[in-house]
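The values are calculated or read from the model by the stated rules, or taken from the named source; none is laboratory data. Bear in mind that the values here come from a model prediction, so they are computed numbers and not experimental data. A quick note on method: Cβ atoms are made from the backbone with ideal geometry, for glycine too, and the neighbour counts reach across all protein chains shown.
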Amino acid sequence: MVSAGPASAEPPPSAWAPLRVAAYRNLWVAMLVANIGTWMQTVGAQWLLIDERNASTLVALVQTASSLPILLLALPAGALADTLDRRRLLIAVQFFIVGVGTALTLLTLTGRMPPALLLTLTFAFGVGQALTLPAWAAIIPDLVPRNLLQPASGLGSISVNVARSVGPAIAGVLIALTGVPLVFALNTLAFLFFAVTLIRWRAGTSRSVEVPERFTAALRAGGRYVRHSPIVQRLLFRALLFLIPGSALWALLPLIANQRLGLGAGGYGVLLAALGAGAVVGGVVLPWVRSRLPPNVFLLIAGLTYGPAMLVVALVPIEAVVLVALVPAGLAWVTVLANLNAEMQLFLPGWVRARGLAVYQVVFAGGQALGALAWGVVADTAGLIVAHVAAGLLMILGALTVRIWPLPDLRAVEQDPATHWPDLELAHEPDPSVGPVIVILTYTVREERRADFVTAMEEVRAARQRTGASRWGLFREGESGDLFVEVYELPSWDEHLRQHGGRLTKADQAAELRAWRHAEGTPQVSHLLPAEANP
């Protein structure tokens, strides 16, 4: 389904409305402090390396060591966040980060911080962040009502961009006055503050299921859900269409400042501030804009704002003009990505939310990293202007594809859990680990309804595979033209129990009922278990 009409006529919630929810406000402030500490820590680590041999490579490796864990661990972290109590997981991870920060502080203070150890501890710090991000994103829908998810996502972007602007500035002043150890110490205290805030938050439950899944099974289930969810794939695809060309601006802006505008480090900081100011404004106006524009029109306007801004930055070597162009670019950047993140949070059911958001984070980090690398290569081989112009044109082209690959309309999609199958009545209770399990449903469908039935069963197939089925098929009995047989296989009996005890949503239920309306009565159901498990 594609949204073509106007959004709801209800007044949009304020960008600051989520802050009226005490639990969200406290945790958002704590996360803002932690984000500022993270940027302070990054600057401090880079400063320790500027006098080393091969300083350029070592300084660049600080960013690599910080971001690589997100690419490596986001999916396992999402599985952990969906199988464990998210609050307790977050608390444990923050204390791990506090331990890393304490080691950084003490070793730096005593002069025992060689580059290899600094990069190792920076990587460990990144591991903590990789474990934090999916769990934090997954608890936001538990903190605020559904209608406040989009402004909450915008506030998350504001937090990141305020920290990006404030953190390095604070770190620079403190390093000049006292040295790097104090910067590391304050970062440690920032994460200790986040841990204490989490301890004080008393959540009813922050886990999607009472009995946790096995880790490997949870990983496979998360991957299977994404593979068989066209809506999630479309959201990720639209994110990549924006991220890959958009990353050129962030990656090449230092070169624009130095080579095109003749600015030093201070001038580059001013350019970043313009981008950051636009990003903050974008977070503030996101709810207002989204309430007045259909999602696809909104996406088109954002792309047609960001792309021309990139062309101006590349082609006009006047600092004032570039500054003006960077503000709407920052606004478009945050509004698109915060909106897509909010759409993911709205769509993903609770049992797989952290894993789905982890995939989004992998796409976000990977799209930026690969895009930056690609545009850097283009700039080295064809020139800075060519790279920027090509990225700007690609951004415009990507925005125009919204008519071909539109965003789905998620307003009517109900992702609350639904249990509409009758209780299973078996001759014996199988062990949850028994598998594979085959489920067979037999339908009676008259000739005039067959085509509609087969079409409707395609949605059923997707729902079965998203929620646990590893294989699925629909067959027609040769001896009777009216009998259709649905057969699907699940890895274990536990997977089947989870499928019908929390994974199916009201949208999945509606898809089944639409198919059943074309059949006579309700289908006959049987379950096949391995013979050796049932002597």
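Annotation note: of 449, 461, the sole residue that is in contact with a Phe, Trp or Tyr (Cβ under 9 Å, 6 or more places away or on another chain) and either over 30 Å from residue 243 (Cα atoms) or outside any helix (DSSP H, G or I) (or both) is 461. Please verify whether residue 487 is modelled with pLDDT of 95 or more, crowded, with 16+ Cβ neighbours inside 10 Å and either assigned by TED's automatic domain parsing to the domain that holds residue 511 or in contact with a Ser or Thr (Cβ under 8 Å, 6 or more places away or on another chain) (or both), treating the condition exactly as stated. Considered against the rule, which asks whether it is modelled with pLDDT of 95 or more, crowded, with 16+ Cβ neighbours inside 10 Å and either assigned by TED's automatic domain parsing to the domain that holds residue 511 or in contact with a Ser or Thr (Cβ under 8 Å, 6 or more places away or on another chain) (or both), residue 487 comes out as yes. Kindly establish whether residue 267 is assigned to a helix (DSSP H, G or I) and either at pLDDT below 90 or touching a strand residue (DSSP E or B) at 6+ places or on another chain (Cβ under 7 Å) (or both). For residue 267, the condition - assigned to a helix (DSSP H, G or I) and either at pLDDT below 90 or touching a strand residue (DSSP E or B) at 6+ places or on another chain (Cβ under 7 Å) (or both) - is met.
For region 372-407, enumerate the residues that are outside any helix (DSSP H, G or I) and more than 20 Å from residue 315 (Cβ to Cβ). Can you show your working first?
The initial filter retains those residues of region 372-407 that are outside any helix (DSSP H, G or I), namely 383, 404-407.
Within region 372-407, 404, 405, 406, 407 qualify.
For residue 493, indicate whether it is at pLDDT 90 or above, surrounded by 15 or more Cβ atoms within 10 Å (Cβ to Cβ), of a type in the set (Phe, Trp, Tyr) and outside the structural domain of residue 350 (by TED's automatic domain parsing). Spelling it out, it is not the case that residue 493 is at pLDDT 90 or above, surrounded by 15 or more Cβ atoms within 10 Å (Cβ to Cβ), of a type in the set (Phe, Trp, Tyr) and outside the structural domain of residue 350 (by TED's automatic domain parsing).
Being modelled with pLDDT of 85 or more, in a helix (DSSP H, G or I) and among the charged types (D, E, K, R) is the filter; apply it to region 501-528 and report the residue that is surrounded by the fewest Cβ atoms within 10 Å (Cβ to Cβ). By that ranking, first place goes to 514.
Against the definition (in the same structural domain as residue 391 (by TED's automatic domain parsing), within 22 Å of the chain's Cα centre (by Cα) and either at positive phi or buried (at least 24 other Cβ atoms within 10 Å of the Cβ) (or both)), how does residue 282 come out, yes or no? For residue 282, the condition - in the same structural domain as residue 391 (by TED's automatic domain parsing), within 22 Å of the chain's Cα centre (by Cα) and either at positive phi or buried (at least 24 other Cβ atoms within 10 Å of the Cβ) (or both) - is met.
Per the conditions (1) part of a loop (DSSP other than H, G, I, E, B); (2) surrounded by fewer than 19 Cβ atoms within 10 Å (Cβ to Cβ), the sole criterion not satisfied by residue 435 is (2). Within region 205-229, residues that are farther than 9 Å from residue 83 by Cβ sit with their Cβ atoms under 8 Å from residues that are modelled with pLDDT under 80 and not hydrophobic (A, V, I, L, M, F, W, C), at 6+ positions apart or across chains, in these pairs: 221/213. Just to check your reading of the model, which residue among 117, 131, 107, 121 is under 20 Å from the mean Cα position of the chain (by Cα), in a helix (DSSP H, G or I) and modelled with pLDDT of 90 or more? Unique residue meeting the criteria: 131.
In region 99-148, the qualifying residues are those that are of a type in the set (Gly, Ala, Ser) and more than 30 Å from residue 341 (Cβ to Cβ), and the one that is surrounded by the most Cβ atoms within 10 Å (Cβ to Cβ) is 103.
Tally time: how many residues in region 349-362 are more than 8 Å from the chain's Cα centre (by Cα) and part of a helix (DSSP H, G or I)? Walk me through it before giving the result.
Keep residues of region 349-362 that are more than 8 Å from the chain's Cα centre (by Cα), which gives 349-355.
Right, trim to part of a helix (DSSP H, G or I) and you get 350-355.
Here the count works out to 6.
Within the group 262, 307, 303, 278, which residue is at pLDDT 80 or above and not in a helix (DSSP H, G or I)? Matching residue, one of 262, 307, 303, 278: 262. The residue that is farthest from residue 229 (Cα to Cα), among those in region 491-500 that are of a type outside the set (Asp, Glu) and assigned to a helix (DSSP H, G or I), is 493.
Residue-by-condition table, conditions (1) basic (Lys, Arg); (2) surrounded by 18 or more Cβ atoms within 10 Å (Cβ to Cβ); (3) more than 22 Å from residue 100 (Cβ to Cβ); (4) without any contact (Cβ under 8 Å) to a residue 24 or more places away in the chain:
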site: 155; (1), (2), (3), (4): no, yes, yes, no
site: 173; (1), (2), (3), (4): no, no, yes, yes
site: 178; (1), (2), (3), (4): no, no, no, yes
site: 181; (1), (2), (3), (4): no, yes, no, no
site: 186; (1), (2), (3), (4): no, yes, no, no
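Within region 285-316, restricting attention to residues that are of a type in the set (Val, Ile, Thr) and under 16 Å from residue 392 (Cβ atoms), which residue is surrounded by the most Cβ atoms within 10 Å (Cβ to Cβ)? Reasoning before the result, please.
Step one: list which residues in region 285-316 are of a type in the set (Val, Ile, Thr), which gives 285, 289, 297, 301, 305, 312-313, 316.
Okay, now just the ones that are also under 16 Å from residue 392 (Cβ atoms), so 301, 305, 312-313, 316.
On the way: 301: 17, 305: 21, 312: 18, 313: 27, 316: 15.
My answer is 313.
Could you list, in sequence order, the residues of region 232-290 that are farther than 25 Å from residue 360 by Cα and β-branched (Val, Ile, Thr)? Residues satisfying the conditions are 256, 270. Taking the listed residues 382, 391, 372, the one that is modelled with pLDDT of 85 or more, of a type in the set (Gly, Ala, Ser), farther than 19 Å from residue 232 by Cβ and surrounded by 13 or more Cβ atoms within 10 Å (Cβ to Cβ) is 391, with no other qualifying. Taken as a whole, the structure places residue 348 among residues that are farther than 15 Å from residue 314 by Cα, buried (at least 20 other Cβ atoms within 10 Å of the Cβ) and not basic (Lys, Arg).
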